[in-house]
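One structure is given here, and the rest of the page talks about it.
The values are calculated or read from the model by the stated rules, or taken from the named source; none is laboratory data. Keep in mind it's a predicted model, so treat the numbers as computed, not measured. When we count neighbours, we look across all protein chains shown, and the Cβ atoms used for this are built from the backbone with ideal geometry, even at glycine. Ligands, DNA and RNA are stripped out before the accessible areas are found, and what is left, the full protein with its side chains, is counted by its heavy atoms. Shrake-Rupley method; radii C 1.70, N 1.55, O 1.52, S 1.80 Å.
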Amino acid sequence: LLKTSLIYIAEHPLFGVGAGQFASYEGKSSREQGEFGMWHDTHNTFTQIACENGLPAFFFFIAGIGSSMVLLTRVYRASKDRPECNEISVTAFCLMLAMVSFCAAIFFLNFGYFFYLPAMGGLATCVSSAATAEFQKTAAAVPAAPSNPYWQPNVTLPQRNTHELILPHQTARLG
């Protein structure tokens with residue numbers, strides 16, 4: 001079925017054989033050639049979308065998956081170093097893991113028209129929107145960090161006499 005679906009992609013690259021029509025098209029084509037048709041769906045969602053709807057639909061399908069992963073990756077990277085946003089980081093990571101796992105599973109399943117992938121895309125969009133709002137809220141509450149990367153809050157330095165000359169071999173005693 002995989003080879004047959006790849007042949008149909010090459011034969012019908014623009015519009016495909018019709019949404020949900022792979023099994024009947026394959027059976028009818030096999031019968032016309034004097035062969036026994038399988039009358040099954042292709043067992044690969046990626047080739048299912050490409051051969052039934054054409055390559056433009058396949059590229060939009062891949063773009064939807066890719067844009068969801070980009071959104072979740074951005075949220076994860078922005079939140080992983082913020083302790084106050086730990087839940088957002090974990091949520092983004094779990095959704096990325098679910099998306100990758102689902103993409104591995106649909107390589108062997110024909111889930112092109114089920115709601116699972118659009119639902120995960122919607123969850124990715126919602127998490128991204130909520131995380132952006134949370135980042136703006138926490139950025140307004142936290143004062144900006146100073147430009148000196150070695151600055152530490154609430155650190156008091158020892159007082160010394162400003163008239164005293166400190167030689168390089170004496171700097172170890174200041175610590």
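Placing pseudo-labels 7 Å out from each Cα toward the beta carbon at Q136 and S67 gives an inter-label distance of 2.0 nm. Straight-line cross-link partners of K137 among the lysines, defined as a Cα under 20 Å from its Cα and at least 8 positions apart when in the same chain: K80.
For K3, a cut-off of 22 angstrom between C-alpha atoms picks up these lysines, skipping any fewer than 8 places away in its own chain: K28. With a Förster radius of 35 Å applied to the beta-carbon distance between L2 and S129, the computed FRET efficiency rounds to 0.40. For C94, C103, the ranking by accessible surface with the largest value first comes to C94, C103, using a 1.4 Å probe. Under 5 Å between amide hydrogens, built in the peptide plane, is the criterion, and for G20 it picks out nothing among residues at least 5 positions away or on other chains. Label-to-label distance, K28 versus S101, with points set 7 angstrom from Cα along the beta-carbon direction: 4.0 nm. So if we plug the beta-carbon distance of F114 and A10 into 1/(1 + (r/R0)^6) with R0 = 30 Å, what FRET efficiency do we get, rounded to 0.05? Calculated transfer efficiency: 0.70.
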